[in-house]
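The structure appears right after this line, and notes come after that.
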Amino acid sequence: MRILILSDVHANLAALEAVLQDAGNFDMIWSLGDIVGYGPDPNACITRLNDFEHLAIAGNHDWGVLGKIDLADFNPDARQANLWTREQLTPQSFAYLQSLPEKLIQGDFTLAHGSPRHPIWEYILHESIAKINFTHFETTFCLVGHTHVPIIFQYDTETSRCLAAMPPEREPFQLETNRYRYIINPGGVGQPRDGDPRAAYMLLDLEEKVFEYRRVSYDIAATQKKMRAAGLPFRLIARLELGW
């Protein structure tokens, strides 16, 4: 089975469509949270995701829009975007977001937005935080998003060392599972933050445990135009073309 792994779509329909086209044939989508927030097309992105067989979990922006998280916990730009998004959501979109779980286990994979320890909000940016989180899930793999930065954390079960590495782009890679466990972040579809504005995602051959990390360009100007028309914050508009 071929799985499309994506995270942090953030209501960026142009980026999502570019990913869907670039990915080619796949059997299922695993979405790691934050389908909405920041971007101009929350309902369309939810509808598009529902065109496919998929698993999805909640992110902090999904919960912020629903009122499950106090918007005072967000920065001013994110807070404004979430308030705008809340006004745009159809009843069907609201119900869909309401149905999303915090965390899922699918075979040998744990799916969490932030981290297995704190699924909604914790950022795994450093090896020290990753190492602690390996004690909070039992599967070989944990897939996370939230940081918008692609990375692989590898935990050596014999030495208890945790190392971080960037995945190779468009080169299928198989990870050693006899000795190691992994926390893997595919990067952000709708708002990358690693200095590369292209949408990021991964593909997974589920049976062979072979991953492929990809980036794809999309029409950033089209998304920015929609954001300006919606009156969304300037900083959120500008950051898309810079990848931060």
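Looking at segment 204-212, can you tell me whether even one residue there is more than 20 Å from the chain's Cα centre (by Cα), surrounded by fewer than 18 Cβ atoms within 10 Å (Cβ to Cβ), outside any strand (DSSP E or B) and without any contact (Cβ under 8 Å) to a residue 40 or more places away in the chain? Yes, because at least one residue in segment 204-212 is more than 20 Å from the chain's Cα centre (by Cα), surrounded by fewer than 18 Cβ atoms within 10 Å (Cβ to Cβ), outside any strand (DSSP E or B) and without any contact (Cβ under 8 Å) to a residue 40 or more places away in the chain. Out of 161, 228, which single residue is closer than 22 Å to residue 79 by Cα, more than 21 Å from the chain's Cα centre (by Cα) and without any contact (Cβ under 8 Å) to a residue 12 or more places away in the chain? Result of the check over 161, 228: 228. All of 201, 155 fail the test of being within 22 Å of residue 29 (Cα to Cα) and buried (at least 20 other Cβ atoms within 10 Å of the Cβ), apart from 201.
Of everything in segment 217-244 that is under 30 Å from residue 141 (Cβ atoms) and surrounded by fewer than 17 Cβ atoms within 10 Å (Cβ to Cβ), the residue that is modelled with the lowest pLDDT is 244. If you go through segment 58-84 and keep only what is among the basic types (Lys, Arg) and in a loop (DSSP other than H, G, I, E, B), you end up with just 68.
Can you find a residue in segment 24-38 that is of a type outside the set (Ser, Thr, Tyr), in a helix (DSSP H, G or I), surrounded by 18 or more Cβ atoms within 10 Å (Cβ to Cβ) and touching a residue at least 60 places away in the same chain (Cβ under 8 Å)? There is no residue in segment 24-38 that is of a type outside the set (Ser, Thr, Tyr), in a helix (DSSP H, G or I), surrounded by 18 or more Cβ atoms within 10 Å (Cβ to Cβ) and touching a residue at least 60 places away in the same chain (Cβ under 8 Å).
Of all residues in segment 3-16, none satisfies being modelled with pLDDT under 95 and assigned to a helix (DSSP H, G or I).
When 167, 101, 119 are screened for being in a loop (DSSP other than H, G, I, E, B), touching a residue at least 12 places away in the same chain (Cβ under 8 Å) and more than 28 Å from residue 70 (Cα to Cα), only 167 passes. Taking the stated definitions as given, is residue 235 in a helix (DSSP H, G or I) and either within 22 Å of residue 56 (Cα to Cα) or in contact (Cβ under 8 Å) with a residue 40 or more places away in the chain (or both)? Answer is yes for this residue.
The values are calculated or read from the model by the stated rules, or taken from the named source; none is laboratory data. Everything quoted here is computed from the prediction, not taken from an experiment. We place every Cβ from the backbone using ideal geometry, glycine too, and count neighbours over all the protein chains shown.
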